[in-house]
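A quick write-up on the structure given underneath.
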Amino acid sequence: MGSEMEPLLLAWSYFRRRKFQLCADLCTQMLEKSPYDQAAWILKARALTEMVYVDEIDVDQEGIAEMMLDENAIAQVPRPGTSLKLPGTNQTGGPSPAIRPITQAGRPITGFLRPSTQSGRPGTMEQAIRTPRTAYTARPVTSTTGRFVRLGTALFEYIFHHENDVKTALDLAALSTEYSQYKDWWWKVQIGKCYYRLGMYREAEKQFKSALKQQEMVDTFLYLAKVYVSLDQPVTALNLFKQGLDKFPGEVTLLCGIARIYEEMNNISSAAEYYKEVLKQDNTHVEAIACIGSNHFYSDQPEIALRFYRRLLQMGVYNCQLFNNLGLCCFYAQQYDMTLTSFERALALAENEEEAADVWYNLGHVAVGIGDTNLAHQCFRLALVNNNNHAEAYNNLAVLEMRKGHVEQARALLQTASSLAPHMYEPHFNFATVSDKIGDLQRSYVAAQKSEAAFPDHVDTQHLIKQLKQHFATL
């Protein structure tokens, strides 16, 4: 074999071992010697792309502009069970907020943090205006990755992912589709991706549908479902996933897509069924194990949840959230010897202040459970030191202050909690209770109504409103 082949083989070797910078540098040296070497160009473009590659199927960053100026929802007042935009709708027999807490965006807490859900409530402007170039994919190589054969496809991926220049990528894809006489499904999918990134969902839908007519691919089903979710049409997305399952029976990504949508629609029982189907196909699927574990925990079965979290530990998942969940499961399953060691491990593994805040918050719960209110007070304070926006910690601190008889401090804490998480019913209800005790009936009534809006079936809120109405009638 000639010596001129060796640098290319070495570059390929670097690429396969995911040493992308070394691979790109070696390709640059080769191109300085022979600028028309197509193999070197393709490999360099691929290496640079892989450094910033984002799996478009999974990542969907929604910035402030999209949230505020969303004109894509079809109906202003959608029917129950047909929209993802109605937080806390309990039409499908989902868990009540009394049993399963909700996120600050109003969704039930699931067992898994997905790339698209991280930006649901951007804490900072930078977080909201970030482009999707910052995340790496967690999915294995998919059917699209097998297409990096020609220079055109490698160049498109380079422009789209590395340069993040969607408009130029769209022009290239359009020219390529024309060149292939509109017969190449891959380029249609790429045009659809560009339209999606530009917020032109209906145009993206046409491209993906056209690509599916030519060649049915799992990825195309997933992209098209993403379009329907962005248009707030979860029922259409569900039907599409089920069509996909007819063509690709047992495909894990499609089953997982269905489970996620059911979960977002608060239909937790259906979501759990599909996650179980996922585990039948792939029993090492982290998301499915975590979500089923979380579901068992909130269904008052901490011992069973513990088995699922231990399974994740055996699989090599080793992070703060897992030990946090293990600690809670051990506490509620009365395995007290393991509770504190799990939380200690979670604190040691916390990568940022928000994670540490969640651990301290849960430790506060354990302290309340064993009756040590001073320790609980310190834990909730530490949660707030780490994350000043922790609504639940404000709420629980307020309850402790109420027990000590510090009414004004409790009210101030509860006002902060309810402004941070308006979808949570607890701060509203607690504020109403405190105000009622000190005779501030008007503010008590307003807060009680907010509590009822957040959680209509809460019996204590209904009792309080009834009492207040009777009181107002006698005035």
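The values are calculated or read from the model by the stated rules, or taken from the named source; none is laboratory data. Computed from a predicted model, the values in this text were never measured in an experiment. So basically every Cβ, Gly included, is an ideal-geometry build from the backbone, and we count neighbours across all protein chains shown. When the accessible area is computed, the model is the full protein with side chains, heavy atoms only, and any ligands, DNA or RNA have been set aside. Shrake-Rupley method; radii C 1.70, N 1.55, O 1.52, S 1.80 Å.
Assign one of three labels to the stretch 201-294, namely rounded, prolate or oblate, based on the Cα gyration tensor with a ≥ b ≥ c the square roots of its eigenvalues; rounded applies when a/c is under 1.5, prolate when it is not and a/b is larger than b/c, and oblate otherwise.
Oblate shape, in that a/c is at least 1.5 and b/c is the bigger or equal ratio.
Can you compute the FRET efficiency between HIS471 and THR373 using 1/(1 + (r/R0)^6), with r the Cβ-Cβ distance and R0 = 30 Å? Round to the nearest 0.05. Intermediate results must be reported in sequence, preceding the final value.
Numbers: r = 32 Å, r/R0 = 1.05.
Once rounded, the FRET efficiency stands at 0.40.
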Simple label model, 7 Å out from Cα along Cβ direction - ALA453 to LEU8, nm: 6.7 nm
Segment ILE109-LYS167, length gained on full extension (0.36 nm per residue, minus Cα span): 17.2 nm
At R0 = 45 Å, FRET efficiency that the Cβ-Cβ distance of ASN388 and ARG79 yields, to 0.05: 0.70
Anchor LYS209: aspartates and glutamates whose Cα lies under 17 Å away (excluding residues fewer than 8 positions away in-chain): ASP184, ASP219, ASP246
Percent accessible area from carbon and sulfur atoms, the stretch 408-475, protein chains only, probe 1.4 Å: 53 percent
Cβ crowding within 10 Å averaged over residues, with 371-378, 337-344, 358-365 ranked highest first: 358-365, 337-344, 371-378
Relative packing of 381-388, 154-161, which averages over residues the other C-beta atoms within 10 Å, highest first: 154-161, 381-388
Whole-number accessible area per residue in Å² for the stretch 154-259, which is evaluated in the context of all protein chains at 1.4 Å: 41 Å²
Residue-normalised accessible area of the stretch 339-385, expressed per residue, 1.4 Å probe, Å²: 53 Å²
Carbon/sulfur fraction of accessible area - the stretch 265-387, other protein chains in place, 1.4 Å, %: 47 percent
Potential lengthening between LEU340 and ASP37 on full extension [0.36 nm per residue; Cα-Cα distance subtracted]: 103.1 nm
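Stretched out fully, how many nm does the piece from GLU354 to MET315 gain, at 0.36 nm a residue minus the Cα gap?
Net length gain for the segment: 11.5 nm.
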Ranked by how many other beta carbons lie within 10 Å on average, peptides 287-294, 12-19, 304-311 from highest: 287-294, 304-311, 12-19
In sequence order, calculated HN-Hα J values of the stretch 178-190 (Karplus, 6.51, -1.76, 1.60; Hz; x Gly/Pro): 4, 4, 8, 6, 6, 10, 9, 4, 4, 5, 5, 4, 5
